[in-house]
Amino acid sequence: MERYKDTSLGSEERAEALLGLMTLEEKIAQLQCVMAIGDPVKTAEQFPHGIGEIVAFPMAQDPFGIAQGNLALVEAFSKNRLGIPPILHIEALSGAMTTGGTIFPVPMGLGATFNPDTICEMAGTIREQMLSTGYRQALSPVLDIARDPRWGRIGETYGEDPALCAAIGAAYVKGLQGENLTDGAIATAKHFLGYGVSDGGLNMATNPITERDLRENYAKPFQAAITESGMQGIMNSYGTIDGEMIIGSQKILTGLLRDEMKFEGIVVSDYTSLDRLVNYRLSENIASAGISALEAGLDVECPLPRGYGESLAKAVKDGILDEKFIDRSAKRVLESKFKLGLFDDPNPRLADLASAYGDPKHQARSLKAARESIVLLKNENVLPFSKDVKKIAVIGPHGDSIRLLFGGYTVPAGIEMQMSASMASDMAGLDGLDSMLPPPGEQETYPGSGVLKEKPEVTALLNMAFGPFVPTILKAIKEKAPNAEVVYTKGADIAGNDKSGFAEAVEAAKNADSVILAIGGKHGWGANCTIGEGLDSDSIGLTGVQEELAKAVIEANSNTAVLHMDARPLSSVYLKENCKAILECWFPGGTGGASIADVLFGDYNPAGRLPATVARNAGQIPVYSGQKTGNSYYSDTVAGALSKYVDSDKKPLFFFGEGLSYTTFEYKYLFVTPQTPADGTVEISFTISNTGAVEGEETAQVYIIDELASVLRPAKELAGWARVPVKPGESANVSLVLRADQFAFLDHEMNWLVEKGTMKVLVGSSSEDIRLEGSFEITDTRIIDGAKRGFYAKQIAKRGS
């Protein structure tokens with residue numbers, strides 16, 4: 001028996017043994033990816049040496065059909081000389097993108113939960129659904145730190161804060177990969193690195209980030225997922241840092257990622273990344289781009305072998321490329337396949353299909369995540385509505401839409417993309433991608449806008465496919481208040497300048513006891529959407545004439561609650577000042593209508609918190625909680641600071657961590673461990689009392705200020721948090737433990753340093769609403785291994801009293 005078939009050996013040994021049996025062409029095949037379109041056998045015949053990964057689009061109408069299709073792919077592509085199976089990958093930001101898959105909130109909404117346990121459960125659902133249909137790698141999660149709301153991909157992230165993103169990301173990876181990767185799927189974090197901060201807020205632009213900031217902040221979520229959850233996959237960003245495109249940077253993909261951060265998995269390219277090296281005049285042609293990327297540390301080229309094709313073999317034979325680089329990446333891919341157990345059983349787990357897609361726990365998890373993601377931003381005795389209300393007016397484009405419950409990277413968004421003439425035009429010329437789409441054609445835009453209208457065929461298909469089990473907001477409200485008269489009018493579109501629906505909306509508002517105004521954007525791909533990949537904006541307010549609609553409706557009836565649904569948080573000075581109730585709902589997913597109705601009528605008390613600071617306007621950008629001392633609105637705390645906006649306030653519209661409840665909470669009895677060595681821990685405990693009339697959860701937050709440091713530090717840094725359920729009249733004790741090395745930073749020689757000194761402790765309901773203060777001392781200074789440091793405080797106790 002060949003050694004690579006010996007299951008008593010470890011993954012690395014088996015990979016090493018198999019590598020020794022492979023030809024150059026077979027090794028290169030493991031660095032390749034193919035898009036599986038059409039007959040699996042015919043496609044596999046084009047890759048006789050096998051394949052590393054497959055983009056297997058789930059085109060079947062049910063999970064069983066998807067699993068059968070993927071089984072055929074695995075069987076066809078495993079018929080190579082050495083029987084090496086492929087890895088099938090899929091997107092899974094808000095759930096596995098398969099027909100019938102459970103759909104969760106957009107990631108920004110997941111960040112708003114402040115609940116890693118919820119995200120770990122969600123990832124467990126994704127894992128079950130992926131394995132049963134044959135997918136063993138998710139191109140998720142997105143661990144970018146997003147601090148610019150102009151960027152169209154902000155909604156794919158968990159927010160602006162490194163500690164929050166680290167906790168949520170590590171939980172996602174843990175849930176997806178499982179206790180043992182043989183029963184899990186590879187989590188592939190993206191976009192490494194610094195992708196969320198770009199010149200002009202534009203996608204794929206240069207990322208102006210210092211080496212210190214890159215490591216301390218932007219790499220932190222990736223490091224946490226590697227260190228705490230053993231993450232096995234990384235995808236590069238399209239970006240450029242300090243003149244080097246990430247895809248071709250040995251300094252980033254090997255020096256930082258592997259040498260400093262101790263990553264041991266595989267690095268796959270974001271789609272068509274190698275072409276950018278050529279397009280940006282960094283490589284002469286795609287062949288040289290392939291060599292640059294391989295030497296830099298890219299293991300697999302996706303979605304098609306352009307730079308990682310025959311040109312790599314030629315480069316080796318011509319003495320241009322050392323074969324050791326091919327061996328290095330091929331071994332990593334093979335080792336991943338052994339870790340997944342693919343050589344022993346590469347097939348979909350058909351016996352698990354029924355439970356993976358039919359167990360009620362998955363919908364329950366979706367509902368839990370959707371409820372927890374909702375943020376109550378303002379409430380002047382409007383919410384919750386009474387179920388005995390006589391007449392309700394539901395107004396706005398999101399009020400009765402299936403599509404607008406879902407964010408990008410979901411099946412509904414994918415259906416629209418595939419039926420969109422705009423995407424066919426945008427993707428023309430990208431080999432393999434354009435073949436998925438219909439030919440370019442005419443599609444009507446919203447008047448006065450470049451945004452395309454939703455095609456009637458898309459609306460009809462989504463209503464047919466999802467309508468029976470995904471209630472719109474309107475339908476959910478009717479079910480929640482069955483005795484009320486509920487009327488609906490759209491009022492305005494998501495884009496354009498058409499105000500012809502205003503009069504009907506105003507009349508409906510005037511005649512109603514309560515008004516629910518559902519407004520926002522549309523998240524996805526192509527010109528049908530207002531936000532998404534390649535859909536950046538120089539304005540961060542409501543799109544189209546929706547703010548004007550809101551003014552008209554609120555003037556007609558002040559008993560109005562605004563539901564804001566978008567991938568970026570609501571930026572409207574008018575609504576904050578004039579609307580009595582605002583709920584930030586994001587794109588909540590398949591249970592979104594039900595979760596929103598639960599909150600509106602008091603069956604669920606919201607406790608979500610903003611995972612991003614909300615700028616008043618684009619001129620305030622960047623504005624975020626963790627800014628350095630003296631920057632932005634924190635400059636007001638520095639003596640002698642001469643900085644102000646002549647025509648605006650420096651303070652943001654809403655602060656990071658902000659969110660209200662239908663009850664009230666009191667904080668008291670703060671205890672902080674007074675001293676700790678640099679390798680020690682600190683316990684922070686306090687009591688939260690529910691001083692209101694209804695049960696609720698308080699999302700308590702802990703912030704740290706380094707009182708004196710040798711390098712400029714954040715004015716205030718999120719250290720930890722806890723969602724704490726408390727019944728009215730009762731109290732709960734909360735204890736968090738944090739490591740002193742959580743506050744390590746890079747010194748002047750770029751060593752990770754824990755520095756002695758006083759750390760101020762702030763405890764409160766948001767980054768601005770601080771209720772308790774204390775401090776502790778770090779008693780000594782020492783250099784540490786940054787890959788092994790702490791990342792966020794852990795909750796260690798929670799009990800009622």
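The values are calculated or read from the model by the stated rules, or taken from the named source; none is laboratory data. Only a predicted model underlies this, so the values are computations on that prediction, with no experimental measurement involved. For neighbour counting, all protein chains shown are included, and Cβ atoms are generated from backbone atoms with ideal geometry for every residue, glycine included. Side chains are part of the model used for accessible areas, which takes the heavy atoms of the whole protein and leaves out ligands, DNA and RNA. Shrake-Rupley method; radii C 1.70, N 1.55, O 1.52, S 1.80 Å.
With respect to the numbered conditions (1) modelled with pLDDT under 95; (2) open to solvent by 10 Å² or more (accessible area, probe 1.4 Å); (3) touching a Pro at 6+ places or on another chain (Cβ under 7 Å); (4) not acidic (Asp, Glu), which one is the sole condition not fulfilled by Pro346?
Only one criterion in (1) modelled with pLDDT under 95; (2) open to solvent by 10 Å² or more (accessible area, probe 1.4 Å); (3) touching a Pro at 6+ places or on another chain (Cβ under 7 Å); (4) not acidic (Asp, Glu) is unmet by Pro346, namely (1).
Has the stretch 465-481 got at least one residue that is surrounded by 24 or more Cβ atoms within 10 Å (Cβ to Cβ), touching a helix residue (DSSP H, G or I) at 6+ places or on another chain (Cβ under 9 Å) and closer than 23 Å to Asn617 by Cα?
No, the stretch 465-481 contains no residue that is surrounded by 24 or more Cβ atoms within 10 Å (Cβ to Cβ), touching a helix residue (DSSP H, G or I) at 6+ places or on another chain (Cβ under 9 Å) and closer than 23 Å to Asn617 by Cα.
Residues checked against (1) of a type in the set (S, T, N, Q); (2) out of contact with any His (no Cβ under 8 Å at 6 or more places or on another chain); (3) farther than 25 Å from Pro107 by Cβ:
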{"site": "Ser558", "(1), (2), (3)": "yes, yes, yes"}
{"site": "His564", "(1), (2), (3)": "no, yes, no"}
{"site": "Leu570", "(1), (2), (3)": "no, no, no"}
{"site": "Tyr574", "(1), (2), (3)": "no, yes, yes"}
{"site": "Lys580", "(1), (2), (3)": "no, yes, yes"}
{"site": "Cys585", "(1), (2), (3)": "no, no, no"}
{"site": "Leu600", "(1), (2), (3)": "no, yes, no"}
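Only residues that are under 34 Å from the mean Cα position of the chain (by Cα) and open to solvent by 30 Å² or more (accessible area, probe 1.4 Å): list them for the stretch 665-686, please.
Glu666, Leu670, Asp679, Thr681, Glu683 - these are the residues of the stretch 665-686 that are under 34 Å from the mean Cα position of the chain (by Cα) and open to solvent by 30 Å² or more (accessible area, probe 1.4 Å).
Can you tell me which condition Leu131 does not meet? The list is (1) within 30 Å of Gly152 (Cβ to Cβ); (2) open to solvent by 10 Å² or more (accessible area, probe 1.4 Å); (3) among the aliphatic types (A, V, I, L, M); (4) outside any loop (DSSP other than H, G, I, E, B), and all the others hold.
Single failed check for Leu131: (1).
Answer yes if at least one residue in the stretch 84-100 is touching a helix residue (DSSP H, G or I) at 6+ places or on another chain (Cβ under 7 Å), over 23 Å from Met235 (Cβ atoms) and assigned to a helix (DSSP H, G or I), and no otherwise.
Looking through the stretch 84-100, none of the residues is touching a helix residue (DSSP H, G or I) at 6+ places or on another chain (Cβ under 7 Å), over 23 Å from Met235 (Cβ atoms) and assigned to a helix (DSSP H, G or I).
Looking at the stretch 455-474, which of its residues are in a helix (DSSP H, G or I), more than 25 Å from the chain's Cα centre (by Cα) and either within 21 Å of Pro105 (Cβ to Cβ) or touching a residue at least 24 places away in the same chain (Cβ under 8 Å) (or both)?
Within the stretch 455-474, Glu457, Val458, Thr459, Leu461, Asn463, Ala465, Leu474 qualify.
Quick one: what pairs do we get from the stretch 443-454, first residue free of Cβ contacts under 8 Å to residues at least 24 places away in the same chain and acidic (Asp, Glu), second open to solvent by 30 Å² or more (accessible area, probe 1.4 Å) and in a loop (DSSP other than H, G, I, E, B), C-beta under 7 Å, 6+ apart or different chains?
Here the result reads Glu444/Lys453, each pair linking the stretch 443-454 to a residue that is open to solvent by 30 Å² or more (accessible area, probe 1.4 Å) and in a loop (DSSP other than H, G, I, E, B).
Filter the stretch 2-28 for residues that are of a type in the set (Val, Ile, Thr) and closer than 22 Å to Ala44 by Cβ and give the result.
Thr23, Ile28 - these are the residues of the stretch 2-28 that are of a type in the set (Val, Ile, Thr) and closer than 22 Å to Ala44 by Cβ.
Please find, among Ser288, Ser311, Ser366, Ser292, the residue that is of a type outside the set (Lys, Arg), in contact with a helix residue (DSSP H, G or I) (Cβ under 7 Å, 6 or more places away or on another chain) and open to solvent by less than 40 Å² (accessible area, probe 1.4 Å).
Answer to the selection: Ser311.
For the stretch 635-661, which residues satisfy the criterion of being touching a strand residue (DSSP E or B) at 6+ places or on another chain (Cβ under 6 Å) and either modelled with pLDDT under 85 or not hydrophobic (A, V, I, L, M, F, W, C) (or both)?
Pro652, Gly657, Gly659, Ser661
Can you say whether Tyr172 is open to solvent by less than 10 Å² (accessible area, probe 1.4 Å) and within 19 Å of Glu372 (Cβ to Cβ), as far as the supplied structure shows?
Spelling it out, Tyr172 is indeed open to solvent by less than 10 Å² (accessible area, probe 1.4 Å) and within 19 Å of Glu372 (Cβ to Cβ).
Could you say whether any residue in the stretch 581-602 is surrounded by fewer than 24 Cβ atoms within 10 Å (Cβ to Cβ), modelled with pLDDT of 95 or more and not in a helix (DSSP H, G or I)?
Yes, the stretch 581-602 contains a residue that is surrounded by fewer than 24 Cβ atoms within 10 Å (Cβ to Cβ), modelled with pLDDT of 95 or more and not in a helix (DSSP H, G or I).
Return the only residue of Gly396, Gly407 being surrounded by 24 or more Cβ atoms within 10 Å (Cβ to Cβ), modelled with pLDDT of 95 or more and over 23 Å from Asn559 (Cβ atoms).
The conditions single out Gly407.
Answer yes or no: is there a residue in the stretch 560-571 that is surrounded by 24 or more Cβ atoms within 10 Å (Cβ to Cβ) and at positive phi.
no
So which of Gly100, Gly20 is small (Gly, Ala, Ser), out of contact with any Leu (no Cβ under 7 Å at 6 or more places or on another chain) and within 30 Å of Lys314 (Cα to Cα)?
Answer to the selection: Gly20.
For the stretch 325-425, give me every one of the helices (runs of 4 or more DSSP H) that falls completely inside it and has 3 or more residues that are more than 22 Å from Cys120 (Cα to Cα).
411-418
Yes or no: the stretch 274-282 includes at least one residue that is polar (S, T, N, Q), in contact (Cβ under 8 Å) with a residue 12 or more places away in the chain and within 30 Å of Pro622 (Cα to Cα).
Scanning the stretch 274-282, I find no residue that is polar (S, T, N, Q), in contact (Cβ under 8 Å) with a residue 12 or more places away in the chain and within 30 Å of Pro622 (Cα to Cα), so the answer is no.
Between a first residue in the stretch 630-650 that is at positive phi and a second residue that is open to solvent by 60 Å² or more (accessible area, probe 1.4 Å) and at pLDDT below 85, which pairs have beta carbons less than 9 Å apart while being 6 or more apart in sequence or on different chains?
Final answer for the pair search is Gly630/Thr637.
If we scan the stretch 36-49, do we find a residue that is part of a strand (DSSP E or B) and either open to solvent by less than 70 Å² (accessible area, probe 1.4 Å) or of a type in the set (Phe, Trp, Tyr) (or both)?
Checked the stretch 36-49: at least one residue is part of a strand (DSSP E or B) and either open to solvent by less than 70 Å² (accessible area, probe 1.4 Å) or of a type in the set (Phe, Trp, Tyr) (or both).
For every residue, the table says whether it meets (1) of a type in the set (Asp, Glu); (2) under 16 Å from the mean Cα position of the chain (by Cα); (3) open to solvent by 10 Å² or more (accessible area, probe 1.4 Å).
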site: Asp144; (1), (2), (3): yes, yes, no
site: Leu176; (1), (2), (3): no, yes, no
site: Asp183; (1), (2), (3): yes, no, yes
site: Phe192; (1), (2), (3): no, yes, no
site: Ala205; (1), (2), (3): no, no, yes
site: Arg212; (1), (2), (3): no, no, yes
site: Phe222; (1), (2), (3): no, yes, no
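Report, by residue number, each residue of the stretch 492-540 that is among the acidic types (Asp, Glu) and within 21 Å of Gly196 (Cβ to Cβ).
Selection gives Glu533, Asp536, Asp538.
Quick grid of which residues meet (1) closer than 30 Å to Gly414 by Cβ; (2) of a type in the set (A, V, I, L, M); (3) touching a residue at least 24 places away in the same chain (Cβ under 8 Å):
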| position | (1), (2), (3) |
| --- | --- |
| Asp6 | no, no, no |
| Leu18 | no, yes, yes |
| Leu21 | no, yes, yes |
| Gln32 | yes, no, yes |
| Ala60 | yes, yes, yes |
| Leu73 | yes, yes, yes |
| Ile90 | yes, yes, yes |
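Would you please list the contacts, defined by Cβ atoms under 6 Å and residues six or more apart or on different chains, that run from a residue in the stretch 657-683 that is in contact (Cβ under 8 Å) with a residue 60 or more places away in the chain and more than 30 Å from Val614 (Cβ to Cβ) to a residue that is open to solvent by 50 Å² or more (accessible area, probe 1.4 Å) and among the basic types (Lys, Arg)?
From the stretch 657-683, the pairs are Ala678/Arg782.
Being basic (Lys, Arg), open to solvent by 10 Å² or more (accessible area, probe 1.4 Å) and touching a strand residue (DSSP E or B) at 6+ places or on another chain (Cβ under 8 Å) narrows it down to one residue among Lys522, Lys499, Lys490; which is it?
Result of the check over Lys522, Lys499, Lys490: Lys490.
Looking at the stretch 83-95, is at least one residue out of contact with any Leu (no Cβ under 9 Å at 6 or more places or on another chain) and surrounded by fewer than 24 Cβ atoms within 10 Å (Cβ to Cβ)?
The answer is yes; a qualifying residue exists.
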